[in-house]
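The values are calculated or read from the model by the stated rules, or taken from the named source; none is laboratory data. Given the structure is predicted, the values throughout are model-derived calculations rather than measurements. Every residue, glycine as well, gets a Cβ built from its backbone with ideal geometry; the counts of neighbours run over all protein chains shown. Please note that ligands, DNA and RNA were not included when accessible areas were found on the heavy atoms of the full protein model with its side chains. Shrake-Rupley method; radii C 1.70, N 1.55, O 1.52, S 1.80 Å.
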Amino acid sequence: MSEIKFIRGDITKIEVDVIVNPANTTLLGGGGCDGMIHYAAGPELKDECRGLNGCCKGEAKITKGYNLPAEYIIHTVGPFYGHEDGKEKEILTNCYINSFELAKKHKLKSIALPCISTGCYRFPKDQAAEIAISVANKYINDLENITFVCFLKLDFNIYKKFVE
């Protein structure tokens, strides 16, 4: 039976088929979770990302996982809250939809996702969690395991509120 789980931890240590990277449009690494994923995966990740020619907001692209426990990484670019002409929710929803669709297309069964756009992109955490869980529920039958990995205790507590 498929399930959605919420854990607090480091997404680079999670053993799943694919993790989601909240990337910037260059896909060449940045700060926060994106930087951690690039560092843990190793320099081969940046080399592969160079050949992808970036990624638009709301879209997603897949690479190998290299030195990560995950076999693959899905890179998606979230919205910068307050800078998207009112399309922030639509863009964030598309990040999750396109990530799940890529996982489905590649026949992956387990996926781990971070909190997309809630750090330096300032998307309100409660709204972002609601969007993430809503989209995940639509893909529950396509994957065996969906894990939301919250780095911060605050994020973890917000996600847990939606399932209590």
### Task
Past 24 Å, Cα to Cα, is the threshold; run 5/153; 107/138; 64/87; 61/87; 13/160; 61/160 against it and keep the listed order.
64/87; 61/160
### Message
Antiparallel versus total DSSP beta bridges in the chain: what percent is that, nearest 5?
### Response
20 percent
### Probe 1.4 Å, protein heavy atoms only - accessible area per residue of the chain in square angstrom
50 Å²
### Other-chain or far-sequence residues with amide H under 5 Å of residue 150's (modelled H)
7, 8, 9
### Query
Longest exposed-loop-site-free stretch of the chain, with trypsin sites (Lys or Arg not before Pro), DSSP loop and at most 16 other Cβ within 10 Å?
1-86
### Message
Based on alpha-carbon centroids, what's the gap between the stretch 93-150 and the stretch 14-81 in Å, whole number please?
### Response
14 Å
### Task
Calculate what fraction, in whole %, of the accessible area of the stretch 86-142 sits on carbon and sulfur atoms when a 1.4 Å probe is rolled over the protein chains.
48 percent
